[in-house]
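All remarks here apply to the structure that follows.
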Amino acid sequence: MTATAYTLLMRLEAFWQSWGTLSAFNDRDSLPRPTKSAVIGILAAADGHDRDEHREEGDDYLPLTALAALRFAVRADRPGSLVQDFQTTGGGRYPLRPRDLITDPARAERAAPELETATGRSFGRIDTPRLSDWYGAPKNIAPDPAIGTLVAGNTSRHAQLSHRWYLADAAFLAAVESPDRALLRHLTQRLEEPRRLLWLGQKHCAPTQPLYHGLHKGSLEDALSSTPLLPRSRPAPTNAWIEVPHTTAGATNVNDQPV
């Protein structure tokens with residue numbers, strides 16, 4: 001007897017989305033649809049996973065293998081348009097001073113004279129606030145292992161250049177299926193009260209709508225075929241990508257394993 005299936009739906013809609021599979025360093029691609037690994041990553045972040053997957057005794061989030069075992073599909077209600085963005089990061093001068101680590105500029109300005117009096121050193125001022133003369137965002141700030149003082153690990157004066165692809169004004173309905181209804185209810189609660197910030201592919205691609213879009217009894221095919229198209233979608237029929245056993249006729253292997 002086949003176990004009853006349940007399907008959790010997620011609305012993935014944003015000004016920009018990015019779903020790369022071959023991204024490396026400064027060249028970031030994007031598929032025309034969300035990937036399973038990215039959607040599982042969203043669920044993992046909502047559940048409380050950290051970036052390095054360091055599980056401690058007593059942690060109450062699901063193992064990544066349990067999330068990866070979910071069956072996946074996605075429907076392109078509004079495919080959006082592929083756009084490329086040319087970005088620069090860094091460059092200019094890095095004035096590494098204690099006041100640069102204070103996020104309140106007014107407070108930093110008041111603190112500077114006392115620091116100069118106490119140390120006998122000049123901490124300077126922002127006299128020419130132009131991008132070519134000033135860059136106030138040192139990277140990789142962390143305590144020095146020897147003395148504990150905050151230092152910047154990246155003070156390169158050369159800007160990093162990158163080409164990044166995005167989907168603009170797209171909307172997708174993603175689905176994950178499992179016979180374990182309790183597991184999907186747990187993920188439903190996490191999507192509504194996520195433990196970490198959630199992004200659609202890259203860190204600045206914030207969702208513009210709540211992600212949770214319903215928990216349904218039945219397969220993901222049933223859920224996607226019975227759920228109305230999202231607002232401003234193009235008329236049916238729409239494209240969908242569905243995870244199936246590798247022995248299925250016409251199936252295509254993809255490099256999209258979350259683990």
Subset of the stretch 196-219 [farther than 21 Å from Ser18 by Cα and out of contact with any Phe, Trp or Tyr (no Cβ under 8 Å at 6 or more places or on another chain)]: Gly214, Ser219
Lone unmet requirement of (1) touching a residue at least 60 places away in the same chain (Cβ under 8 Å); (2) within 24 Å of Ala182 (Cβ to Cβ); (3) part of a loop (DSSP other than H, G, I, E, B) for Pro32: (2)
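Going by the conditions given, is Ala251 assigned to a loop (DSSP other than H, G, I, E, B), among the aliphatic types (A, V, I, L, M) and open to solvent by 40 Å² or more (accessible area, probe 1.4 Å)?
Numbers: assigned to a loop (DSSP other than H, G, I, E, B): yes; among the aliphatic types (A, V, I, L, M): yes; open to solvent by 40 Å² or more (accessible area, probe 1.4 Å): yes.
It is true that Ala251 is assigned to a loop (DSSP other than H, G, I, E, B), among the aliphatic types (A, V, I, L, M) and open to solvent by 40 Å² or more (accessible area, probe 1.4 Å).
In the stretch 190-202, is there at least one residue being open to solvent by 50 Å² or more (accessible area, probe 1.4 Å), more than 16 Å from Val39 (Cα to Cα), under 22 Å from the mean Cα position of the chain (by Cα) and free of Cβ contacts under 8 Å to residues at least 40 places away in the same chain?
If we filter the stretch 190-202 for residues that are open to solvent by 50 Å² or more (accessible area, probe 1.4 Å), which is where we start, we get 192-197, 199.
Then keep just the ones that are more than 16 Å from Val39 (Cα to Cα); that gives 193.
With under 22 Å from the mean Cα position of the chain (by Cα) added as a condition, the list becomes 193.
Within this subset, residues satisfying the condition of being free of Cβ contacts under 8 Å to residues at least 40 places away in the same chain are 193.
Yes, the stretch 190-202 has at least one match.
Would the stretch 49-57 turn up any residue that is open to solvent by less than 70 Å² (accessible area, probe 1.4 Å), touching a Leu at 6+ places or on another chain (Cβ under 8 Å) and modelled with pLDDT of 85 or more? Can you show your working first?
Step one: of the stretch 49-57, the residues open to solvent by less than 70 Å² (accessible area, probe 1.4 Å) are 49-50, 53.
Still in the list and also touching a Leu at 6+ places or on another chain (Cβ under 8 Å): 49, 53.
Filter again for modelled with pLDDT of 85 or more, leaving 49.
Looking through the stretch 49-57, at least one residue is open to solvent by less than 70 Å² (accessible area, probe 1.4 Å), touching a Leu at 6+ places or on another chain (Cβ under 8 Å) and modelled with pLDDT of 85 or more.
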Selected residue (criterion: modelled with the lowest pLDDT) from residues of the stretch 12-23 that are open to solvent by less than 50 Å² (accessible area, probe 1.4 Å) and hydrophobic (A, V, I, L, M, F, W, C): Trp19
Qualifying residue in the stretch 240-254 (condition: modelled with pLDDT under 90 and more than 23 Å from Arg71 (Cα to Cα)): no
Evaluation of Ser233 against (1) touching a residue at least 60 places away in the same chain (Cβ under 8 Å); (2) more than 23 Å from Pro79 (Cβ to Cβ) (one fails), failing number: (2)
From the options Arg190, Arg185, Arg195, Arg164, residue that is basic (Lys, Arg) and either modelled with pLDDT under 75 or assigned to a loop (DSSP other than H, G, I, E, B) (or both): Arg195
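The values are calculated or read from the model by the stated rules, or taken from the named source; none is laboratory data. What you see is a predicted model; the values in this text were computed from it and never measured. Don't worry about glycine lacking a Cβ; one is built from the backbone with ideal geometry, like all the others, and counts go over all protein chains shown. Heavy atoms of the whole protein, side chains included, go into the accessibility calculation; ligands, DNA and RNA do not. Shrake-Rupley method; radii C 1.70, N 1.55, O 1.52, S 1.80 Å.
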